[in-house]
Amino acid sequence: MSNTFKDNPILGPLNSWFFYTISGYMNVLWGKSKKELFQNHPDTVVEIGSGAGANMRYLKRGTKLIAIEPNIHMHNNLRKTAKKYGINLDIKSITGEAIDLPDNSVDFVMSTLVLCTVENPLECLNQIRRILKTSGQFVFIEHVRARENSLLGFIQNLIHKPWHWFFEGCHTNRDTRSLLESIEFSSLDIECYNSYSPFIPIIPQIRGKAIK
Ligand SMILES: C[S@@+](CC[C@H](N)C(=O)[O-])C[C@H]1O[C@@H](n2cnc3c(N)ncnc32)[C@H](O)[C@@H]1O
């Protein structure tokens, strides 16, 4: 299990500011999906890669959020957002590949725009499955690799290197759908769609729910 996250003292704070500042626009892009995916969440929720806390506005006030966020530069904005939305925040400065929660201990795990970035997404998914109780849910929104030989695929490959550098490890062209399908969940609902925005490399997306 890898628990190494490369701290970047320049890009870390810059990305924290970026994700904090853009959270209103992210609400425009994903608010409806998130409301649906997160509805009826339990009192305690685990989130992988919470960033600056974009998903807290969809949680009930008083929810306990265990935020697995290895980038320490995100933590101040996470706390600020938690205060704003009345969330009881527990930050764990560890990676999604090395979660320190017990097996079968959690009802609900969520993650948005994270499996593109974690160094070992398969291990992260195995960890999510491990900590979920039987019938526990994992809900997600991710951007994914475009179709072979498509214009979007060409753009994703072209921009991959600078994007990967600026967004501290994000892969524009990761086949996250296949990774999810390779994990033994008892059910997996995935919807693929195009979310049009100025962020062209992340237009093809998936959203859905996996049940252990
Ligand atoms: C694109 S941001 C998304 C943040 C937030 N989920 C959102 O939707 O705004 C990706 C996040 O994943 C975090 N991250 C990167 N590697 C990770 C890992 N190995 N385990 C958990 N989180 C990770 C980053 O620090 C960052 O906060």
Worksheet, complete the sentence: Restricted to region 11-211, the DSSP antiparallel beta bridge percent, nearest 5, is 45
Worksheet entry | J(HN,Hα) series, region 76-88, from Karplus relation 6.51 cos²θ - 1.76 cosθ + 1.60, nearest Hz, glycine and proline x | 5, 5, 4, 5, 4, 5, 4, 5, 4, 9, x, 9, 8
Discussion item. For Lys6, give me every one of the lysines with a C-alpha distance below 22 angstrom, ignoring sequence neighbours fewer than eight places off in its own chain.
Written reply: Lys92, Lys161
Worksheet, complete the sentence: Residue separation between Asn8 and Ser178 times 0.36 nm, minus their alpha-carbon distance, gives in nm 58.2 nm
Worksheet item: Tell me, what HN-Hα J-couplings in whole Hz come from the Karplus equation 6.51 cos²θ - 1.76 cosθ + 1.60 at θ = phi - 60° for each residue of region 40-48, using x for Gly and Pro?
Response: 6, 5, x, 5, 10, 10, 9, 10, 8
Worksheet item: How large is ³J(HN,Hα) for each residue in region 164-177, as worked out from phi by the Karplus curve 6.51 cos²θ - 1.76 cosθ + 1.60 (θ = phi - 60°), to whole Hz, x for Gly and Pro?
Response: 4, 5, 5, 8, 6, x, 6, 9, 5, 10, 7, 8, 5, 4
Worksheet entry | Solvent-free Debye scattering, log10 I(q)/I(0), computed from the Cα coordinates of region 11-211 at q = 0.11, 0.12 Å⁻¹ | -0.47, -0.56
Response to the item:
Cα-Cα longer than 18 Å, checked against Lys34/Lys83; Lys32/Lys209; Lys32/Lys80; Lys34/Lys212, kept in input order, equals Lys34/Lys83; Lys32/Lys80; Lys34/Lys212
Worksheet item: Which residue, Lys84, Lys60, Lys34, has the most motion in a Gaussian network model of the chain that connects Cα atoms within less than 10 Å?
Response: Lys84
Practice prompt. Report, in deg cm²/dmol and to the nearest 500, the calculated mean residue ellipticity at 222 nm for the chain, where each DSSP H run with n ≥ 4 adds -39500 (n - 2.57) and the sum is divided by the residue count.
Written response: -10500 deg cm²/dmol
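No value in this document is a laboratory result; all are computed from the given coordinates. On a predicted model such as this, the values are computed, not experimentally measured, just so you know.
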